1. Only residues of the stretch 83-121 count here: report those whose backbone N is under 19 Å from the spot 7 Å along Cα→Cβ of residue 76, or say none.
2. Where does the stretch 2-217 land on Rg/Rh, using Cα atoms and the Kirkwood Rh?
3. I want to verify the translational diffusion coefficient of the stretch 69-122 in µm²/s; compute it with Stokes-Einstein, Rh as the Kirkwood radius over Cα pairs, at 25 °C and 0.890 mPa s.
4. Taking R0 as 41 Å, what FRET efficiency do you get between residue 40 and residue 67 from their Cβ-Cβ distance, rounded to the nearest 0.05?
5. Work out how much length residue 156 to residue 85 would gain on full extension: take 0.36 nm times their residue separation and subtract the Cα-Cα distance, in nm to one decimal.
6. What whole number of Å gives the distance from the Cα centroid of the stretch 55-114 to the Cα centroid of the stretch 184-212?
7. Can I get the semi-axes of the stretch 120-203's equivalent ellipsoid? Compute them from the C-alpha gyration tensor as square roots of 5 times the eigenvalues, in angstrom, largest first.
8. Highest first, please rank the peptides 57-63, 84-90, 131-137 by the mean number of other Cβ atoms sitting within 10 Å of their residues.
């Protein structure tokens with residue numbers, strides 16, 4: 001009888017050990033998974049910053065080769081994309097910088113956090129392969145102007161569809177959670193990259209050197 005009680009006690013002790021181990025594992029998983037998710041989020045955000053910076057450099061290189069004019073300021077006949085301002089035509093602005101040393105692959109035009117897929121080749125590029133808007137009114141001498149940025153824009157809290165968006169310095173512009181949890185990356189005319197919350201984005205907007213800007217969203 002004593003032997004049976006001892007075996008029963010051992011089984012009970014092992015069961016408690018197992019429960020303790022399982023609880024510890026659950027707690028560790030609960031701590032590790034959010035940390036991994038945050039690490040992945042930060043990695044994608046940094047990759048997006050790098051991509052958008054390369055896009056901005058490509059635009060500057062284009063301007064250097066075209067009398068300080070961006071693609072939106074030159075007709076297609078002169079190597080630009082001035083005529084293309086409708087949904088489905090945004091990619092033509094990016095094709096103008098596809099032969100620069102910075103925009104070498106379709107992945108450069110896509111935010112890693114975006115559900116969109118890169119084009120197989122730059123020659124196959126479409127709006128659905130692009131994550132970044134273009135400011136059609138940007139000029140090389142306007143250092144504080146918005147040049148390009150993440151496409152997940154909102155106006156008065158409403159997500160914007162692809163196409164032409166006219167904004168003013170007092171517009172309630174922000175970012176949807178689609179890419180960076182309600183924040184976004186933008187590049188200014190001087191080449192600086194800004195990781196912006198809705199509040200800081202609107203502050204930057206108020207500093208724009210001109211009252212209105214036309215943003216072309218892919």
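The numbers here are math on the coordinates, done by the rules we state, and not lab data. Predicted model only: the values in this text are computed from it and were never measured. Every residue, glycine among them, receives a Cβ derived from its backbone with ideal geometry; neighbour counts consider all protein chains shown.
1. 83-99
2. That ratio equals 1.27.
3. 204
4. In this case the efficiency is close to 0.45.
5. This chain segment gains 23.3 nm when fully extended.
6. The stretch 184-212 and the stretch 55-114 have Cα centres spaced 20 Å from each other.
7. 20, 17, 12
8. Descending packing order for the listed peptides: 131-137, 57-63, 84-90.
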